[in-house]
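So the structure is just underneath, and the comments pick up after that.
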Amino acid sequence: MATHFKYIILGGGVAAGYAAKEFFNSGIKSGELAIISKESVAPYERPALSKAYLFPEGAPRLPGFHTCVGSGGERLVPEWYAENGIELILNTEIVKADLTRKTLESSVGRIFEFDILIIATGATFIKLTDFGVEGANAKGIYYLREIDDADTLFEGVRDKVGGKAVVVGGGYIGLELAASLIINKLDVTIVYPEPWCMPRLFTAEIADFYERYYQNKGIKIIKGTVAAGFESDASGHVNLVKLKDGRELSADIVVVGVGARPLINLFKGQVDEERGGIKVDSYFRTSVPAVYAVGDVATFPLPLYNDKRRVEHVDHARKSAIQAVQHIKASEEGESIAEYYYLPYFYSRSFDLSWQFYGDNVGDLVVFGQRDPLVPKAKFGAYWIKDGRVMGAFLESGTPEENKAIAKVAKLRPEVESREALAASGLDFATNV
């Protein structure tokens, strides 16, 4: 016999928690809403896992970072869902979805029926085994996406203090975890194929600061090559990383962060797709009536740039979930809401560094400020200029007020007189817009 809910949120990540809170704010009856998640815990702020979970002292643990504390909101502990008539169906993997019949089926054959579905399945890490890398199934090779992954990695780090760690990948996960690993007194080497770190966002000038900063902290960086294979000891635990350029690195721990892919296989052939995600409109409606998709899986209109994009970031996960629920509730009342007008936003924190980026990193780069990593609290930033307008803005070590100022610049896209004048004015330009 099927279990019926008026609303089902499929997925238990950031978007699910924010959607549940918005349903509560909008008014739902007890028993109308369920969250179905394969994880064992209530929705939580996933960025905590790479930014601070591995700290040797004072590391965050649940229930401290359940949603919605990441945006300054209420912390929704498991009891909150029960008290408000929202059913948390955890440890439940959905293996089949029939969007026409409005049913979901779990791995143990349990059937769930819905009137309205929000797909919030997020993304999962790409494994080296996906590329057939020799020895990539060895023990001691870790990936990070969910809290169980973080717990396993934490235990691995604790057991190998003083050992050698190799981080494969120079993006968010790689840089943030490398910082945590060296704080845990491991000997850390980062390996990535690109000419500089964070290549999808950073330019060579920006990346140079962070690479030198990391090297000054004792982290070794190897660029322009990839992990081509691994060797293990008699117990099956990794002890050597073979690089494509022929070098070999001793390793007690390997952490891999080479990208993610959206979890949309359940819906293949049932919804329209675009640019690797589920195609949605400005209200996050899919091509199937009464089915929405939010967060990492959604390819949505970005009117600021007359474009469509899929964004893997916590800020978009939160805001897209809220937009979808507001549209659902407004539609039930015969009302309308504004279209989704999103300003791309990314940030990271490691060591005593903290940067924020807003907008689009297209056009010519203008850098300002102090870019010497040996200078305490060095502050610098950058603007991207295209057709005489600011398209994006970046700032390291900004105050809350300064970060708001560069966000405003990226949103308004003001005209600039010249690159030279913009570089000279730096933050003054942002705070005066």
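With respect to Gly162, is the statement that it is outside the structural domain of Lys51 (by TED's automatic domain parsing), more than 30 Å from Glu332 (Cα to Cα), of a type in the set (Gly, Ala, Ser) and within 17 Å of the chain's Cα centre (by Cα) true? For Gly162, the condition - outside the structural domain of Lys51 (by TED's automatic domain parsing), more than 30 Å from Glu332 (Cα to Cα), of a type in the set (Gly, Ala, Ser) and within 17 Å of the chain's Cα centre (by Cα) - is not met.
Is it fair to say Gln370 is polar (S, T, N, Q) and either assigned by TED's automatic domain parsing to the domain that holds Gly295 or modelled with pLDDT of 95 or more (or both)? So Gln370 fails the test.
Restricting Phe230, Phe267, Phe284 to those that are on the phi > 0 side of the Ramachandran plot, of a type in the set (A, V, I, L, M, F, W, C) and under 28 Å from the mean Cα position of the chain (by Cα) reduces the list to Phe284. Just so you know, in segment 299-317 the residues that are buried (at least 20 other Cβ atoms within 10 Å of the Cβ) and in contact (Cβ under 8 Å) with a residue 60 or more places away in the chain include one that is farthest from Thr121 (Cα to Cα), and it is Val314. I'd like the residue in segment 334-363 that is acidic (Asp, Glu) and modelled with pLDDT of 95 or more and, out of all such residues, is nearest to the chain's Cα centre (by Cα). Taking the candidates together, the pick is Asp360. Could you tell me whether segment 129-140 includes any residue that is surrounded by fewer than 24 Cβ atoms within 10 Å (Cβ to Cβ), closer than 21 Å to Arg46 by Cα and at pLDDT 95 or above? Checked against the condition, which is being surrounded by fewer than 24 Cβ atoms within 10 Å (Cβ to Cβ), closer than 21 Å to Arg46 by Cα and at pLDDT 95 or above, segment 129-140 yields no hits at all.
Selection of segment 158-170 for residues being at pLDDT 95 or above, on the phi < 0 side of the Ramachandran plot and of a type outside the set (D, E, K, R) yields Gly163, Ala165, Val166, Val167, Val168, Gly170. If you go through segment 115-159 and keep only what is over 13 Å from Val254 (Cα atoms), more than 18 Å from the chain's Cα centre (by Cα) and of a type in the set (A, V, I, L, M, F, W, C), you end up with Ile116, Leu117, Ile118, Phe131, Val133. Every residue in segment 340-362 that is exposed (fewer than 14 other Cβ atoms within 10 Å of the Cβ) and not aromatic (Phe, Trp, Tyr), please. Residues satisfying the conditions are Asp352, Val362. Within segment 64-79, at least one residue is assigned by TED's automatic domain parsing to the domain that holds Val314, surrounded by fewer than 24 Cβ atoms within 10 Å (Cβ to Cβ) and in contact with a Pro (Cβ under 6 Å, 6 or more places away or on another chain). Once segment 1-60 is narrowed to residues that are crowded, with 16+ Cβ neighbours inside 10 Å and β-branched (Val, Ile, Thr), the residue that is nearest to the chain's Cα centre (by Cα) is Val14. Looking at this structure, is Val325 assigned by TED's automatic domain parsing to the domain that holds Phe284 and farther than 27 Å from Val433 by Cα? Yes: the conditions hold for Val325. Once segment 223-272 is narrowed to residues that are in a strand (DSSP E or B) and hydroxyl-bearing (Ser, Thr, Tyr), the residue that is nearest to Glu93 (Cα to Cα) is Ser232. Kindly evaluate Ile206 against the criterion of being β-branched (Val, Ile, Thr), within 25 Å of Asn239 (Cα to Cα) and either surrounded by 22 or more Cβ atoms within 10 Å (Cβ to Cβ) or touching a residue at least 12 places away in the same chain (Cβ under 8 Å) (or both). So Ile206 does not fit the description; no. At pLDDT 95 or above, more than 22 Å from Leu304 (Cβ to Cβ), among the acidic types (Asp, Glu) and surrounded by 12 or more Cβ atoms within 10 Å (Cβ to Cβ): is that true of Glu396 in this structure? Yes, satisfied. Within segment 83-103, one or more residues are among the acidic types (Asp, Glu), assigned to a loop (DSSP other than H, G, I, E, B) and either in contact with a strand residue (DSSP E or B) (Cβ under 8 Å, 6 or more places away or on another chain) or crowded, with 20+ Cβ neighbours inside 10 Å (or both). For segment 360-395, filtered to residues that are among the β-branched types (Val, Ile, Thr) and not in a loop (DSSP other than H, G, I, E, B), the residue that is nearest to Arg413 (Cα to Cα) is Val390.
The values are calculated or read from the model by the stated rules, or taken from the named source; none is laboratory data. Here the structure is a predicted model, which is why all the values come from computation and not from measurement. Don't worry about glycine lacking a Cβ; one is built from the backbone with ideal geometry, like all the others, and counts go over all protein chains shown.
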